[in-house]
1. For the stretch 104-153, which chymotrypsin sites (Phe, Trp or Tyr not before Pro) are in a loop by DSSP, counting at most 16 other Cβ atoms within 10 Å?
2. Working out 0.36 nm times the residue gap between I108 and D122, then minus their Cα-Cα distance, what length gain in nm do you get to one decimal?
3. Excluding ligands, DNA and RNA, what is the solvent-accessible area per residue of the chain at a probe of 1.4 Å, expressed in Å²?
4. Would you mind counting up the charge near S358? Only other residues with Cβ under 13 Å from its Cβ, with Lys and Arg at +1 and Asp and Glu at -1.
5. Using only Cα atoms, find the angle between the long axis of helix 197-222 and the longest principal axis of the chain, and express it within 0 to 90 degrees, rounded to the nearest 10.
6. What number, in percent, do you get for the relative contact order of the chain if the mean sequence gap of Cα pairs under 8 Å and at least 6 apart is divided by its residue count?
7. Kirkwood Rh over Cα pairs of the stretch 15-170 into Stokes-Einstein at 37 °C, 0.692 mPa s: D in µm²/s?
8. Report the gain in length on full extension from A345 to L456: 0.36 nm times residue separation, minus Cα-Cα distance, nm rounded to one decimal.
Amino acid sequence: MNMEDCNVTTPLPHRAGSGAGLNPVSLKEKIGYALGDAAAGGITWKVMSIAFPLFFTNVFGLTVADTATLMLVARMFDVVTDPLMGSLADRTQSRWGTYRPWLIFGAIPLGLIFALLLYTPDFGPVGKRVYAYTLYLLMMAIYTAVNVPYGSLLGVMTADDNEKNQFSSFRMVGAYAMGFITLLSFPYLQKLVGGSEQHQYAVLGASLGAVATIMTLACGLLTKERLKPVRAEKFSFKPFADLFKNKPWIYLTLIGICTNFFNGFRYAVAGYLMEYCLHGDVTVSGLIINYTVFMTFGEVTCMIFGGLSPKFTEWVGSKRKAFSIAAIICAITSVAFFFVPMDPAYIWVLIAIVILTSIGVGLYSPLLWSMYADVADYATEKNGTSSTGLIFSSGTMAQKFGTAISGSLVALLLGIAGFYSGTDANGQTVVTITDMESVRSMTWALFSIFPAIIVLIMLWLLYKYPIKK
């Protein structure tokens with residue numbers, strides 16, 4: 001289907017029958033689509049979520065205040081760039097389609113900037129601050145330029161709701177499978193690289209960035225756009241205004257922010273939890289359990305149950321009901337984690353709870369993106385023109401907003417509890433803790449009680465969400 005032929009007179013996207021039609025959706029294409037989130041969600045965003053807070057304070061040498069402010073500034077930046085990117089993607093016309101060219105040509109910048117962000121320059125406090133802010137904002141911009149069109153692809157690859165769920169499920173499995181590989185291998189790769197922690201992160205950043213580039217490029221080349229978005233004739237702010245009249249979009253965006261707050265608190269604080277609550281890495285029968293491996297058990301669980309999510313949804317009877325059950329699982333297990341003693345002897349109990357929590361996360365994660373496709377269809381039918389990219393951009397914005405704000409809050413709350421970090425006059429990273437027990441208690445609550453409260457809010461929003469599919 002030549003996307004250059006689209007114009008304002010094009011009828012609504014074809015929705016009849018199977019989304020495959022004369023161009024059946026192959027397994028290769030589903031795997032190709034999964035590679036997009038394996039790169040974005042399984043490598044770049046996973047490392048940014050779980051490693052960056054600890055990396056910036058304990059390795060790079062930013063202060064807690066600088067780390068928190070950096071993430072807040074980036075979020076304000078994303079509030080503008082994400083919806084603009086969605087609107088721009090909707091209007092793109094090229095030989096490669098509407099959304100795919102952004103993946104094809106954004107792949108190399110994505111991997112390169114990610115690698116540079118994990119490099120620690122030999123600068124003083126001011127130089128490090130400027131470097132971190134510049135590279136982090138660039139990373140957010142290129143992530144937006146790639147991931148918003150990637151999410152929007154789901155709206156134009158097929159019209160069939162079941163196949164949308166399958167694509168969404170493949171996406172989640174790809175993200176969690178690659179996240180599992182990334183997090184599990186991280187401490188062993190660090191050991192293999194050797195040298196200082198700064199050197200280890202720089203080498204791993206370059207290596208993982210190269211893998212992310214290859215996967216993103218493959219996703220752009222292996223997928224197809226079968227449906228024609230109904231384009232507005234020229235740029236207008238009307239689609240932005242229409243969003244705030246779209247009740248399903250408002251509730252789903254708030255739900256998306258909550259899901260990423262839930263994950264964001266847990267990922268951002270995991271490194272501090274292992275370091276200060278469990279006294280560093282735990283070695284059991286030769287297995288090194290550091291903060292990345294600790295969360296890896298959840299990744300493989302999410303991968304399995306992300307794949308089972310379509311069948312679970314079919315069995316339950318609706319997306320909203322399946323999402324609610326999964327969220328309740330997350331709330332119960334998060335509270336249970338809080339009551340386990342802060343002792344390395346209980347490491348397998350803690351891991352077991354992480355696994356149980358991840359069952360819920362794995363079940364609801366594919367549903368979120370499938371529900372965005374429902375909202376995009378609702379908006380097209382109501383407004384007469386497609387705003388698929390704009391609507392999916394809000395999903396990406398919710399992802400980055402929830403993850404980064406939670407990371408920022410983690411840094412601020414740990415600072416209030418007595419955790420301080422920075423760079424001395426010689427450029428060396430310095431960490432000081434004035435009240436260890438307060439820091440330990442805050443860390444434990446940030447991994448358990450705070451996420452549980454977020455789930456309760458999410459359940460109320462799900463109850464109010466109006467689309468009943």
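1. Values: sites: F105, F114, Y119, F123, Y131, Y133, Y136, Y143, Y150; in loops: Y119, F123.
Passing sites in the stretch 104-153 are Y119, F123.
2. Numbers: separation 14, 0.36 × 14 = 5.04 nm, distance 2.54 nm.
Separation in residues times 0.36 nm, less the Cα-Cα distance, equals 2.5 nm.
3. Numbers: 17620 Å² over 469 residues.
Heavy-atom accessible area per residue stands at 38 Å².
4. Details: positive: R266; negative: E299.
Value of the local net charge: 0.
5. That works out to roughly 10 degrees.
6. Numbers: 848 pairs, mean separation 138.8, N = 469.
Once divided by the residue count of the chain, the mean separation gives 30 percent.
7. On the way: Rh = 17.3 Å.
My calculation gives 190 µm²/s for D.
8. Numbers: separation 111, 0.36 × 111 = 39.96 nm, distance 3.07 nm.
Working it through step by step, the gained length comes to 36.9 nm.
The values are calculated or read from the model by the stated rules, or taken from the named source; none is laboratory data. As the structure is a computational prediction, the values presented were derived from the model and not from experiment. Virtual Cβ from ideal backbone geometry, glycine too; neighbours counted across all protein chains shown. We work out accessible area using only protein heavy atoms, side chains counted, and drop any ligands, DNA or RNA first. Shrake-Rupley method; radii C 1.70, N 1.55, O 1.52, S 1.80 Å.
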